[in-house]
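Worksheet: the structure to be examined is printed underneath.
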Amino acid sequence: MSHIVIVGSANIDITHRGNRFPSPGETLPSDNSYISLGGKGLNQSIAASRLSNKKIVKFIGSVGEDAFGEKIKNDLLNEKLDISDLNTTNEDMTGNAIIYIDSDNNNQISVYPGANSKNGDSEVEVFSNISEKVSIVMLQQEIPIETNYKILKVAKNKKIITILDPGPPKEEFRNFTDYLKLVDFLTPNKHEAEYILGKKINGKELEAAKEIRNMGPKNVIITLGKDGIVFAGEKVGRLPSYNVNSVDPVGSGDCFNGALAVKIYEKSSFNDALNFSIFASALSTINQGASQSFPKLEDIRNNDLTTN
Ligand SMILES: Nc1ncnc2c1ncn2[C@@H]1O[C@H](COP(=O)(O)OP(=O)(O)OP(=O)(O)O)[C@@H](O)[C@H]1O
Ligand SMILES: [Mg+2]
């Protein structure tokens, strides 16, 4: 069976909500605390698995030999996800983030990549060994860029469609001059697009997509939050977002990418794939949290939205 394979990060997020942030040296009781799954690789895997009919999504990544890693593995077993090649390493702890949110919803986040940095040649080899069964691979930049580069190379050799979310921005991508040329669908948000181009793009988003397209990717889709998307490549244009009562946009880009991978896998037209992805990502903003707010196929069917 052919698969969508996502190689990337898996984190545990520990959130504290309070009136204000603790000051240096201060111990401040918080009003609320919760643990959730995070990491762009994990988020995108959950989005794609929830939006596909069959069990076609495989997540390749690395967690530590600890309680956080156990929680990730247990929680992912409840999704329609293949995690048989999710590695457990004793070299570092599971990636995690400590998130403070104050009463105005500002956040302060400290991230420890931990086991995510251990994604290396063994993950490239795992991917290589299963590549005959893979039709799409999706990557982000929370694992070493060199690992992404090697996976993109294998994918190109095997004619596997490649999707890259270039977040978070990392300077090392410029060390691999053909990095972007190996990408079929590049999906930066506005900030990442500005980073790639090295300039502000305010009001010139479509031009920016075309400029990034000239750097090598076959298609560039810039996501613009509630302003929707612009795209340049085989098709060029702009689509508005769907109108929702958005309470938490965290992870909406990850939901967009997961949805896009599914529709490309299903060989939908480019326009239908984009439309489905902006619909799904709009729905992901109406509830709190990242992956826990991602819609399932029935949520897509049961919601009727209009565009902004
Ligand atoms: N307020 C909103 N209303 C409707 N749709 C939204 C809203 N915010 C985001 N979206 C949808 O989600 C897509 C991705 O959003 P955005 O560009 O903010 O991603 P991002 O910054 O990469 O997010 P993250 O990295 O946290 O997952 C947008 O293109 C849009 O379709
Ligand atoms: Mg993003």
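Checking T223, T285 one by one, the residue that is within 13 Å of F185 (Cα to Cα) and among the hydroxyl-bearing types (S, T, Y) is T223 and no other.
From the list T88, T15, which one is under 22 Å from G167 (Cβ atoms), touching a residue at least 12 places away in the same chain (Cβ under 8 Å) and part of a strand (DSSP E or B)?
The unique qualifying residue is T15.
Taken over the stretch 212-226, the criterion of being in contact (Cβ under 8 Å) with a residue 40 or more places away in the chain and surrounded by fewer than 17 Cβ atoms within 10 Å (Cβ to Cβ) is satisfied by K226 alone. Across the stretch 177-191, a minimum of one residue is classified as more than 16 Å from ligand 1 (Cβ to nearest atom), modelled with pLDDT of 95 or more and among the aromatic types (F, W, Y). Checked against (1) buried (at least 22 other Cβ atoms within 10 Å of the Cβ); (2) more than 9 Å from ligand 1 (Cβ to nearest atom); (3) more than 22 Å from Y195 (Cα to Cα), F231 passes all but condition (3). Of all residues assigned to the stretch 57-77, none qualifies as being over 18 Å from the mean Cα position of the chain (by Cα) and more than 25 Å from V111 (Cα to Cα).
Per the conditions (1) closer than 19 Å to G258 by Cα; (2) of a type in the set (K, R); (3) within 16 Å of ligand 1 (Cβ to nearest atom); (4) surrounded by fewer than 17 Cβ atoms within 10 Å (Cβ to Cβ), the sole criterion not satisfied by R238 is (1).
Between I99, I46, the distinction of being closer than 20 Å to G253 by Cβ and part of a strand (DSSP E or B) belongs to I99 only. In a residue-by-residue description of the stretch 203-211, the property of being buried (at least 17 other Cβ atoms within 10 Å of the Cβ) and more than 15 Å from ligand 1 (Cβ to nearest atom) applies to at least one position. Quick check on I286: is it surrounded by fewer than 23 Cβ atoms within 10 Å (Cβ to Cβ), within 18 Å of I46 (Cβ to Cβ) and more than 10 Å from ligand 1 (Cβ to nearest atom)? No.
For the stretch 183-232, which residues satisfy the criterion of being more than 22 Å from G251 (Cβ to Cβ) and polar (S, T, N, Q)?
Taking the stretch 183-232 and keeping what is more than 22 Å from G251 (Cβ to Cβ), we get 184, 197-204, 206-219, 232.
Matches in the stretch 183-232: N202, N214, N219.
Suppose we keep only residues that are within 16 Å of ligand 2 (Cβ to nearest atom) and in a loop (DSSP other than H, G, I, E, B) within the stretch 245-272. Which one would you say is nearest to the chain's Cα centre (by Cα)? The qualifying residue nearest to the chain's Cα centre (by Cα) is G251. Scanning the stretch 289-308 for residues that are within 20 Å of the chain's Cα centre (by Cα) and outside any helix (DSSP H, G or I), we see that the one that is surrounded by the most Cβ atoms within 10 Å (Cβ to Cβ) is F294. Of all residue pairs spaced 6 or more apart or on separate chains, those with beta-carbon atoms under 8 Å, a first member in the stretch 289-300 that is free of Cβ contacts under 8 Å to residues at least 24 places away in the same chain and charged (D, E, K, R) and a second member that is surrounded by 16 or more Cβ atoms within 10 Å (Cβ to Cβ) and in a helix (DSSP H, G or I) are D299/L283.
The values are calculated or read from the model by the stated rules, or taken from the named source; none is laboratory data. Because the structure is a prediction, the values reported are computed rather than measured. Note: ideal-geometry Cβ built from the backbone for every residue, glycine included; neighbour counts use all protein chains shown.
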